[in-house]
1. Tell me, which residue of segment 38-53 that is without any contact (Cβ under 8 Å) to a residue 60 or more places away in the chain and part of a helix (DSSP H, G or I) is surrounded by the most Cβ atoms within 10 Å (Cβ to Cβ)?
2. Taking the conditions exactly as written (among the basic types (Lys, Arg), in contact (Cβ under 8 Å) with a residue 60 or more places away in the chain and more than 18 Å from Thr203 (Cα to Cα)), does Arg148 satisfy them or not?
3. Within segment 152-209, which residues are aliphatic (A, V, I, L, M) and over 19 Å from Gly137 (Cβ atoms)?
4. When only residues in segment 14-31 that are farther than 23 Å from Leu55 by Cβ and among the aromatic types (Phe, Trp, Tyr) count, which is surrounded by the fewest Cβ atoms within 10 Å (Cβ to Cβ)?
5. So, of the residues in segment 196-216 that are within 14 Å of the chain's Cα centre (by Cα) and aromatic (Phe, Trp, Tyr), which turns out to be surrounded by the fewest Cβ atoms within 10 Å (Cβ to Cβ)?
6. Could you please tell me which pairs satisfy a Cβ distance under 6 Å, a separation of 6+ or placement on different chains, a first residue in segment 81-92 that is over 15 Å from Trp138 (Cβ atoms), and a second residue that is assigned to a helix (DSSP H, G or I) and of a type in the set (Ser, Thr, Tyr)?
7. Can you name the condition, by its number, that Phe29 falls short on among (1) at pLDDT 95 or above; (2) of a type outside the set (A, V, I, L, M); (3) assigned to a helix (DSSP H, G or I)?
8. Just one of Ser183, Ser134 is buried (at least 17 other Cβ atoms within 10 Å of the Cβ), touching a residue at least 40 places away in the same chain (Cβ under 8 Å) and either farther than 18 Å from Arg238 by Cα or touching a Cys at 6+ places or on another chain (Cβ under 6 Å) (or both); which is it?
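The values are calculated or read from the model by the stated rules, or taken from the named source; none is laboratory data. Please read all numbers here as calculations on a predicted model, not as lab measurements. Positions of Cβ are backbone-derived with ideal geometry, glycine not excepted, and every protein chain shown enters the neighbour counts.
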Amino acid sequence: MSVDLMEALRERERLVTDYILQPRFREWFKPGDLRDAVFAYLERGAKRLRPAVLLWSCGAVGGDEQSALPAAAGVEMFHTWTLVHDDLIDNDDLRRGGPTVHKLAENYASASLGYDEKRAREYGRDIAVLTGDSQHGWTISLFCECARERGVDPRVVIDIIYHLESYVVNTLIEGETLDVQYSRTPIEQLTRDDIVFMLWMKTGVLYEFAARAGAMIGLNSSDADHPHVAALSRFASRCGTAFQLQDDILGLMGKEAQLGKPIGSDVREGNKTT
């Protein structure tokens, strides 16, 4: 990326992170170990690419990016709960340079609650499920703040949330289900197109949504067929899939310290990549 693009990305990363880490949100989550789990990934460094796509799409159609800031935080929150559950499914121990949520909770149960290894592991898995559920709920409230606090037409917000919860979430979960199935399928029974389509469902669809939502907020319109909305959605969809392909390559050939997650974890779990 160019220096200017990277600086623009960092600026939006700061805006979204500051919004998410407002003290008022911490009061929502109890007990303390659940709160720690909810904020664990959010407090670690991340590029916030999906929120940036949403904000840039809003600006690209002439909208005020500030009006879309809660939605940008919302798309990051949606992404975060999928990471928590994905780490649990893949049995990964590392995310963004620290313990995954289920390992964090497992360690807490062992050190602070005195649980034996089996009970601590079960507790960690339970807390990870509940953490993802809490973040999913938080996602919706963040989108609602666009209407409550930023002047976006409530009908636009409702249509965005409806699309997220009826289409995007089910497409993403379908992709994750295929990923689980493909990890148990002989490689010769799968095609490259099978893998790429699965990756689009797991990753590309949320980038597509981010652009769609940002453009709709920028236009303050529910017209998802508007040429600008459609064009930005298609572009982001392809970029998201390409990003996942690159991420898979780095997952095999990169450095763990730079990635903040284990190298080769997909291969160890039997997950198919291109």
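1. So the residue we want is Ala52.
2. So Arg148 fails the test.
3. If the condition is that a residue be aliphatic (A, V, I, L, M) and over 19 Å from Gly137 (Cβ atoms), then Val152, Val156, Leu178, Val180, Ile187, Leu190, Ile195, Val196, Met198, Leu199, Met201, Val205 are the ones that fit.
4. Restricting to residues being farther than 23 Å from Leu55 by Cβ and among the aromatic types (Phe, Trp, Tyr), the top hit is Trp28.
5. Trp200
6. From residues that are over 15 Å from Trp138 (Cβ atoms), the pairs are Asp92/Ser265.
7. Unmet for Phe29, out of (1) at pLDDT 95 or above; (2) of a type outside the set (A, V, I, L, M); (3) assigned to a helix (DSSP H, G or I): (3).
8. Ser134
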